[in-house]
Every structure is written in C-alpha cells, then in structure tokens.
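Read the figures in this text as sums done on the coordinates, not as results from a lab. None of these values were measured; they are calculated from a predicted model. Positions of Cβ are backbone-derived with ideal geometry, glycine not excepted, and every protein chain shown enters the neighbour counts.
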Amino acid sequence: MNGLAHHAPPGIWHAALPYRSTAEFEDVACRFAEDAAQADAAVLIACSTSPLRRMQARLDGMGERVTWLDISDQGANPGRMIHAICRFVGQHAGRPAWCVQEAAWPSRPADELWEVIRYEALMNLALAELMPPRPAVASPVRVLCPYHVGLPAEVVACAAATHPLTASDGRWQASPRYRLGLGRDVVPPGCDQPLPPPPGDALELLYHRDLASVRSLVFANARAAGLPPGRASDLLMAVGELTANTLAHTSGSGALTMWATRTAVICEVRDGGHITDPLAGQLRPGPAMAGGGRGLWVVHQLCDLVQVRSGSDGTTVRVHMRLAP
C-alpha cells in the first residue's frame, strides 16, 4: 500500500484496515508513516503499548516527525480520541496530518467496542469540519484505523459502515458498506440500543436542587469499592458535572444509580434532557461557549468509559472508573 501520498481519493480520508496479524498491522502502519513523511505530513501513531514500542524501534530514523500516544493509557476512553486528533491537527496547522489509531482490539470488552464504533462514526463529522473548502480534493487529514478480523462479526461490519475507505487487495478504495451520512443518522443503530439495566442491588438516589447527598453517596461508595482517593475525587467531579447539567438544562429532577463490578465502579445519571449535538463532549468547547458542552467534555477526560444515550424521552449517561487489577 505504498504511494498513499500520490493516490489519495477526494473527500473524507477515514479508512478501516482489516488485518489478520499484529505484524501485518504494524507493517502497513509503518509504511503509512513513511509515506506521510514523503508528503511532509505530521504523523500521529496511537496504539497499545507492545505494537507502539515495536513501531518506535522500526521508525527510529524518523525522529521527531512522529508523535506517539499509548492508547491503552491516554486514549483508554474512546471518547477522548476525537479531541486528541483534532488537537494534533491544530498543533500542525498548515501541514497535512496523518494519524494511525488502534481503537479496537480483540480483548477489549464489548461495551467499550460499541463505544469505539460510535466514536468512529462521529469522527466523520469532525473530519468534515477539517476538510478544505474544495470537496473535490483529498483531505489533508487522514485517519487509518486497524481492525482485527477476529473481532466480533457485528463490530467488523459496523467498522466497514463507519469508514468511507477500506483496504482491499493492497489498495485503498471506497467502502461498499459505508452508508452513513453526516446528518442525524450518523451513528449505527447498534450503538444506540438501550444500556443493560443496572443490577438489582445498585444504589439509587433521586436529586432535585440539593446535590450534597449525591456527593456524599458517590465518594463514600467509590472509596468503599476500592477506588483510591484521587480516582474517587475524579468520579465525584464527573458525576457532579452530570448532575449540575440536570439542574441547568432541565426543569425536573434526576436519578443517580451507582454500583460496582469486579473491574469498575459505575455511576449512571438519568434526566429528562435531550442532547441534540452528536459531538457534544467529544471536542473541547472554546471560551466563548461557556456552559455549552464543557461539562460532558470534562466527564470524558476524567472517566475510563462514558456511554451516552439521548432522545426525546430523556438522557442517560453511564460512566465507568476502572479498579486496579
């Protein structure tokens, strides 16, 4: 797949790379980076620790031309990656920006994989905003997303539906399954299914104007479940942002549900509001947008997984904080 700098299709350059082995993924990603260097593009490679280290060794001669991001740490929450890529593009304004991001891998839990698919669909909206004014030319921003063929079949199918381009027979071509536009139906239906109900022994609290009881419940139970003080404070801040949004943007009350599993502490906030902006929380609001999505963006930065379901009947936001293994 060499020659990417000279064979770029017009429109959004967001490609799914089906691969069968880590070596295959790393080989394509390294050649992608080398082609980017020939095009004088800034390069971002975001992947899990082991392939990142191997590619760092292989691309050692490229030095500062490549920016590295360990996605298993800084990009653990898929909801952070659109901001990370847009920020990278902004840091290299005036230059093409080529990005490799490994957001899905076979051992990733199913609830996280569905949020990856949601994020991949929303990435098309963000990339459309970065497009040059002439739609007949190729975008200066390119995002390559590897997907192992051993992932669940429905995830692989959704990946093909959320990427305008795919790799086939050694070439990049239009994805025949890409059916999503840039309108209201940008997210695949599978990503908008109702979340599984909380367990029967979950704690539940209704709140109105006084959030002191919310703060007490969250912090005490987060610490009791095993979250260290700093992480418990982060969860408290995230839930505080969500419950404050209820008071600021709805006329009614809200409900907080909290429980713990073997691997995470989970809080769910439900209210009667409706989030109409599909990119809410994905991009950092500017100073002129005080109160306009800043709270949900903060939640994404603090938590390990954020699941949002919103419609005319209300909004549910479920946040996860991982427990140490």
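Just a few scattered comments:
- Net charge over other residues, Cβ less than 12 angstrom from the Cβ of Ala232 (K, R count +1; D, E count -1): +2
- Under 5 Å, built H, 5+ apart or other chain: amide partners of Tyr147: Leu17, Tyr19
- Rg and Dmax of region 4-192, Cα atoms only, in Å: 15.2, 44
- Judged by the mean number of other Cβ atoms found within 10 Å, the most tightly packed of the peptides 107-115, 237-245 leads the ranking 237-245, 107-115.
- For region 4-192: relative contact order, % (alpha-carbon pairs under 8 angstrom, 6 or more apart): 32
- On full extension, the segment bounded by Asp201 and Glu64 gains 44.1 nm, given 0.36 nm per residue less the C-alpha separation.
- The chain, relative contact order in percent, only Cα pairs under 8 angstrom and at least six apart counted: 18
- Shape parameters for the chain, alpha-carbon atoms, Rg then Dmax in Å: 20.4, 60
- For the listed peptides 50-58, 299-307, 275-283, a ranking on the average number of other beta carbons within 10 Å per residue, highest first, reads 299-307, 275-283, 50-58.
- In a fully extended conformation the segment linking Val149 and His92 would gain 17.2 nm over its present Cα-Cα distance, using 0.36 nm per residue.
- Antiparallel DSSP beta bridges within the chain, as percent of all bridges there, nearest 5: 55
- Peptides 313-324, 87-98, ordered by how many other C-beta atoms sit within 10 Å of their residues on average, highest first, read 313-324, 87-98.
- Degrees, to the nearest 10: 81-91 long Cα axis against longest axis of the chain: 60
- For region 203-322, the pair-distance distribution built from all alpha carbon pairs, in bins 5 Å wide starting at 0, is 2, 12, 24, 25, 20, 12, 5, 1, 0 percent.
- Distance between modelled label sites at Ala39 and Ala255, nm, 7 Å Cα→Cβ extension: 4.9
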